[in-house]
Amino acid sequence: MEKICSEGKLITSVHTRKGRSFSADWYISAIHPCTLLKLFEDPSLLPKAFRNRMDSLPNTYSAFTLNIKLKAESFRYINHSCYYMGRYDRMWNFDKPGDEWPLGFLYMTPPDIDQGEYASKIIITAPMPWEFVKEWENSTLGHRPEAYVRWKEECAEKLLALMEKMFPGFRENCVEQINTASPLTIRDWYGVKEGSMCGFAKDCNNMAASQLPVVTKVRNLLLTGQNNNVHGFCGVPLTAINTSEVILGLNYVLDKINQSTHNEQI
Ligand SMILES: Cc1cc2nc3c(=O)[nH]c(=O)nc-3n(C[C@H](O)[C@H](O)[C@H](O)COP(=O)(O)OP(=O)(O)OC[C@H]3O[C@@H](n4cnc5c(N)ncnc54)[C@H](O)[C@@H]3O)c2cc1C
């Protein structure tokens with residue numbers, strides 16, 4: 001979707017890059033609010049104070065991901081996530097590009113259909129601040145400069161070196177092929193500001209600062225997704241219930257869920 005049209009204070013249609021348009025009574029945005037604001041044909045549809053606030057809210061760290069295709073029968077399947085923590089005290093505190101990286105990462109072996117004893121792939125995800133890729137922020141997917149490609153290779157090497165430390169011989173015996181993704185990749189595939197992993201950062205000392213209601217000043221526009229309330233596979237579905245209940249009525253979805261759980265139990 002690349003454009004949102006409005007009349008008065010109501011959204012009237014949304015338009016896709018392929019030239020299709022859609023109209024509805026309600027519009028629900030599940031993308032980063034800063035990305036949403038850029039799609040409005042009339043930027044003043046939402047108040048300036050709201051737009052400024054969205055722009056100024058800090059976002060959570062992004063990530064660098066190393067995907068590894070493993071050689072056959074080289075690395076055992078692990079049925080849980082694993083963590084490498086080099087600097088537990090500083091895991092989430094990077095300052096600037098050039099700081100020691102990675103300080104830690106998550107690695108997992110996603111299961112295949114009929115998973116056997118050995119894994120076919122590993123995904124390694126390491127937190128990374130947006131500032132690490134800021135110098136290439138104007139580049140687009142498939143058109144990145146050579147320096148960025150080299151930098152990605154260096155990041156992959158650093159992660160592989162730590163895997164090697166944990167699993168001696170890993171590189172030679174297990175790695176068949178690698179592929180990497182950076183904060184720029186996340187920004188460009190998911191449309192998330194600064195490639196943020198979890199959207200707006202929440203501050204436990206100032207909860208009000210990051211509170212974003214699912215209703216907006218535009219009567220037929222609702223928000224949902226990781227930027228409202230809580231992120232991730234638990235938070236996003238919970239907010240989806242909040243958002244849909246604005247239309248369906250308070251507790252409508254919750255009652256249905258409770259009813260079906262109750263029916264399953266009897
Ligand atoms: C590398 C990484 C690792 C993570 N690991 C975990 C984890 O282990 N556990 C966990 O709970 N959470 C994890 N998260 C966070 C979790 O993935 C997110 O909180 C969650 O997926 C957000 O869901 P969402 O629906 O709000 O947004 P998204 O899942 O980002 O969905 C938004 C969708 O909108 C689409 N979109 C954007 N712009 C447009 C447009 N203009 N037109 C049409 N479509 C558009 C995007 O392509 C995307 O498909 C991780 C995130 C990342 C990036």
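Please find, within segment 41-57, the residue that is nearest to V218 (Cα to Cα) out of those that are outside any helix (DSSP H, G or I) and in contact (Cβ under 8 Å) with a residue 40 or more places away in the chain. By that ranking, first place goes to L46.
Condition check for K38 on (1) in contact with a helix residue (DSSP H, G or I) (Cβ under 8 Å, 6 or more places away or on another chain); (2) assigned to a helix (DSSP H, G or I); (3) within 12 Å of the ligand (Cβ to nearest atom): one failure, at (1). On the stretch given as segment 149-159, residues that are under 26 Å from N93 (Cβ atoms) and over 21 Å from the mean Cα position of the chain (by Cα) total 5.
The criterion of being surrounded by fewer than 19 Cβ atoms within 10 Å (Cβ to Cβ), more than 16 Å from the ligand (Cβ to nearest atom) and either part of a helix (DSSP H, G or I) or not aromatic (F, W, Y) (or both) does not hold for L238. Remark: pairs (first residue in segment 195-215, farther than 20 Å from I241 by Cα and more than 12 Å from the ligand (Cβ to nearest atom); second residue part of a helix (DSSP H, G or I) and among the hydrophobic types (A, V, I, L, M, F, W, C); Cβ separation under 8 Å; 6+ apart in sequence or on different chains) = D203/A209. Taken over segment 175-193, the criterion of being part of a helix (DSSP H, G or I) and either surrounded by fewer than 23 Cβ atoms within 10 Å (Cβ to Cβ) or of a type in the set (S, T, Y) (or both) is satisfied by T185, I186, R187, D188, W189, Y190, K193.
Residues of segment 45-59 include none that is within 11 Å of the ligand (Cβ to nearest atom), closer than 26 Å to N242 by Cβ, surrounded by 12 or more Cβ atoms within 10 Å (Cβ to Cβ) and at pLDDT 95 or above.
Screening segment 175-194 for residues that are within 11 Å of the ligand (Cβ to nearest atom) and in contact with a Phe, Trp or Tyr (Cβ under 6 Å, 6 or more places away or on another chain) and picking the one that is nearest to N67 (Cα to Cα) gives S182. Within segment 241-251, being under 20 Å from M54 (Cβ atoms) and within 14 Å of the ligand (Cβ to nearest atom) holds for N242, T243. Filtered by the rule that a residue be aliphatic (A, V, I, L, M), in a strand (DSSP E or B) and under 24 Å from R90 (Cα atoms), segment 112-137 gives I123, I124, A126, M128.
For segment 208-231, filtering for residues that are modelled with pLDDT of 95 or more and assigned to a helix (DSSP H, G or I) leaves 0. In segment 98-151, the qualifying residues are those that are of a type in the set (S, T, Y) and within 24 Å of Y83 (Cα to Cα), and the one that is surrounded by the fewest Cβ atoms within 10 Å (Cβ to Cβ) is Y118. The sole residue among V246, V236 that is closer than 26 Å to V14 by Cβ, in contact with a strand residue (DSSP E or B) (Cβ under 8 Å, 6 or more places away or on another chain) and of a type outside the set (S, T, Y) is V246. Looking only at residues of segment 216-235 that are under 19 Å from the mean Cα position of the chain (by Cα) and more than 9 Å from the ligand (Cβ to nearest atom), we find that the one that is surrounded by the most Cβ atoms within 10 Å (Cβ to Cβ) is L223. Just checking, how many residues over segment 61-107 are part of a loop (DSSP other than H, G, I, E, B) and free of Cβ contacts under 8 Å to residues at least 60 places away in the same chain? Total meeting the criteria: 20. Residues being assigned to a strand (DSSP E or B), of a type outside the set (D, E, K, R) and more than 16 Å from the ligand (Cβ to nearest atom) are entirely absent from segment 161-174. Scanning segment 138-160 for residues that are assigned to a loop (DSSP other than H, G, I, E, B), in contact (Cβ under 8 Å) with a residue 24 or more places away in the chain and more than 22 Å from G98 (Cα to Cα) returns a single hit, L141.
The values are calculated or read from the model by the stated rules, or taken from the named source; none is laboratory data. Just so we're clear, the structure is a prediction, and the values are computed from it rather than from any experiment. Glycine gets a Cβ as well: all are built from the backbone with ideal geometry, and neighbour counts include every protein chain shown.
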